[in-house]
Amino acid sequence: MHRLLILLLVFLITALACNLANEAGDTDGLQNDPIEPSDQESIIATPVPPQTLNCEAMINAATWPVYALANGNADVARTLNQGETVKIVAISETEWLQVESNDGWIIGDGFELLGDCTQLPLVIVSPQSNCQVINTSGSPQGIYTDPNTNEAFFARFPPNETLSVFSQQNGFYQVYVTAYENYGWVQQQFITLGELCGDLPTEPATLN
């Protein structure tokens with residue numbers, strides 16, 4: 001009788017042990033199963049390509065000049081004909097439009113803008129002139145706020161350096177000083193004009 005009870009107890013213990021082992025195996029299986037990604041995890045971000053400028057100017061006038069510089073006194077690089085279109089790649093702070101491949105600048109009402117021209121990059125353009133002046137005096141010359149020497153000069157014009165000239169008045173040439181982003185005046189007696197100056201205006205240029 002005792003032997004039968006012992007055998008029955010051993011049987012129950014063995015069955016219980018096997019059952020626990022099976023449950024442990026099922027738990028391991030759950031842990032090793034691959035986890036399916038959620039909808040959010042499965043979305044791959046696609047890089048947004050950079051914007052391609054699509055701005056053009058179509059000429060309405062019979063002809064329209066393309067200037068070499070963003071300045072109405074600059075040389076005309078080429079002339080556009082009515083109906084011709086050119087790609088615009090930038091705009092200056094004074095609303096000059098730069099033509100593709102740095103081919104020049106246009107401004108005015110002789111053309112119509114086509115496409116999206118609202119995202120044109122802004123280009124800061126210092127005033128430009130074909131007329132250049134060189135300091136041939138051998139010493140620095142003062143650059144004055146007005147065309148007279150009543151006040152102290154605000155900058156120096158080094159020897160053998162050049163500046164763009166825009167007008168003349170009272171024995172002075174009006175020049176643009178990039179470092180100060182402003183115009184100034186130098187005395188004519190100490191400097192030499194370049195070959196492309198022609199007849200300089202007497203009305204001073206101003207910043208727009």
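Scanning the stretch 102-127 for residues that are small (Gly, Ala, Ser), crowded, with 16+ Cβ neighbours inside 10 Å and at pLDDT below 90 gives a single hit, 104. When the stretch 160-196 is filtered for residues that are surrounded by fewer than 14 Cβ atoms within 10 Å (Cβ to Cβ) and modelled with pLDDT of 90 or more, the ones remaining, listed by number, are 160, 161, 170, 171, 189, 192. When residue 130 is tested against (1) in contact with a strand residue (DSSP E or B) (Cβ under 8 Å, 6 or more places away or on another chain); (2) touching a residue at least 24 places away in the same chain (Cβ under 8 Å); (3) of a type outside the set (A, V, I, L, M); (4) surrounded by 14 or more Cβ atoms within 10 Å (Cβ to Cβ), just one condition goes unmet, and that condition is (1). Only one of the numbered conditions (1) within 24 Å of residue 176 (Cα to Cα); (2) surrounded by 15 or more Cβ atoms within 10 Å (Cβ to Cβ) is not met by residue 95, and that is (2). Contact map, the stretch 62-85: residues that are aromatic (Phe, Trp, Tyr) paired with residues that are surrounded by 14 or more Cβ atoms within 10 Å (Cβ to Cβ) and not in a strand (DSSP E or B), Cβ distance under 6 Å, separation 6+ or inter-chain. Pairs shown: 64/110; 67/74.
When you scan the stretch 136-192 for strands (runs of 3 or more DSSP E) that lie fully inside it, which ones turn up with 1 or more residues that are under 14 Å from residue 205 (Cβ atoms)? Correct list: 162-169, 172-177, 182-187.
The values are calculated or read from the model by the stated rules, or taken from the named source; none is laboratory data. The structure presented is a predicted model; accordingly, all values stated were derived computationally and were not measured. All Cβ positions, even for glycine, are placed from backbone atoms using ideal geometry, and neighbour counts span all protein chains on display.
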